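The values are calculated or read from the model by the stated rules, or taken from the named source; none is laboratory data. Quick caveat: nothing in here was measured; it's all calculated off a predicted structure. Cβ coordinates were reconstructed from backbone atoms using ideal geometry, including for glycine residues, and neighbour counts include every protein chain displayed. The protein model used for the area step is the full one, side chains on, heavy atoms only, and it has no ligands, DNA or RNA in it. Shrake-Rupley method; radii C 1.70, N 1.55, O 1.52, S 1.80 Å.
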Amino acid sequence: ADAIAERAALAGAKRIELALEGAPGLRATGHAGLAAIAAGNLIDNAIRYSPPDTEVVVRLATEGERVLLRVVDQGPGIPAARRAEALSRFARLDTQVAEGSGLGLSIVARVAQLHGSPLALADGPGGRGLEALIAFPAA
């Protein structure tokens, strides 16, 4: 919720609605500061690459012994063949869409790895946008 609130102005400037879905009170084990950085980077990217008048959804859920963090946008997505490349440091797949250094996803991937989870990238619902997923150990 804090990561979303910190980015409300950025989203509002692009007319992007931010939504948080999930059961309240979910708790995960891990480094809170690193998890916040990862969530923030995913939300930043989702806002940056989404067109105006769309929605970015942050979903929290439990699955077995994991707490799943999903960030779903309605941007151009990342083709399956380029997802591994997108996780590399300084990767800039499309410099025409948004500014940045190309470090965001590599940082998120490292945070996920430190928590025993790969960063999974997939097509968003209906094949539109991108869904990023980290599975943290449940508390």
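Heavy atoms of the protein only, probe of 1.4 Å, neighbouring chains included. What is the accessible area of residue 17 in Å², nearest 10?
110 Å²
Quick one: how many Å² of residue 106 are accessible to a 1.4 Å probe, rounded to 10?
Estimated to the nearest 10 Å², residue 106 gives 20 Å².
Would you tally the net charge around residue 67, using a Cβ to Cβ cut-off of less than 15 Å, leaving residue 67 out, and scoring K and R as +1, D and E as -1? All intermediate terms of the calculation are to be shown ahead of the outcome.
Details: positive: 27, 59, 66, 70; negative: 21, 63, 65.
It works out to a net charge of +1.
Which one is right for this structure if percent of Cα pairs over 21 Å apart is calculated from it: (1) 49; (2) 37; (3) 41?
Calculated percent of Cα pairs over 21 Å apart: the matching label is (2).
Under the rule of -39500 (n - 2.57) per DSSP H run of 4 or more residues, summed and divided by the residues of the chain, what mean residue ellipticity at 222 nm is obtained, to the nearest 500 deg cm²/dmol?
Working: 5 runs with 44 residues, N = 139.
Value at 222 nm, helices only: -9000 deg cm²/dmol.
I need the phi-derived Karplus couplings for segment 104-118: 6.51 cos²θ - 1.76 cosθ + 1.60, θ = phi - 60°, integer Hz, Gly and Pro marked x.
Computed from phi, the couplings for segment 104-118 are x, 5, 5, 5, 4, 4, 5, 4, 4, 4, 4, 9, x, 9, x Hz.
Would you tell me the accessible area of residue 37, worked out with a 1.4 angstrom probe on the heavy atoms of the protein chains, in Å² to the nearest 10?
90 Å²
How many percent of DSSP beta bridges within the chain run antiparallel, rounded to 5?
On the way: 19 of 25 bridges.
For the chain, the DSSP antiparallel bridge percentage is about 75.
Would you mind getting the accessible area per residue of the chain, heavy atoms of the protein chains only, 1.4 Å probe, in Å²? Please report the intermediate quantities before stating the final value.
Working: 7530 Å² over 139 residues.
Dividing the accessible area of the chain by its residue count gives 54 Å².
Please find the FRET efficiency linking residue 110 to residue 1, where r is the Cβ-Cβ separation and R0 is fixed at 22 Å, and quote it to the nearest 0.05.
Values: r = 24 Å, r/R0 = 1.07.
Result of the calculation: an efficiency of 0.40.
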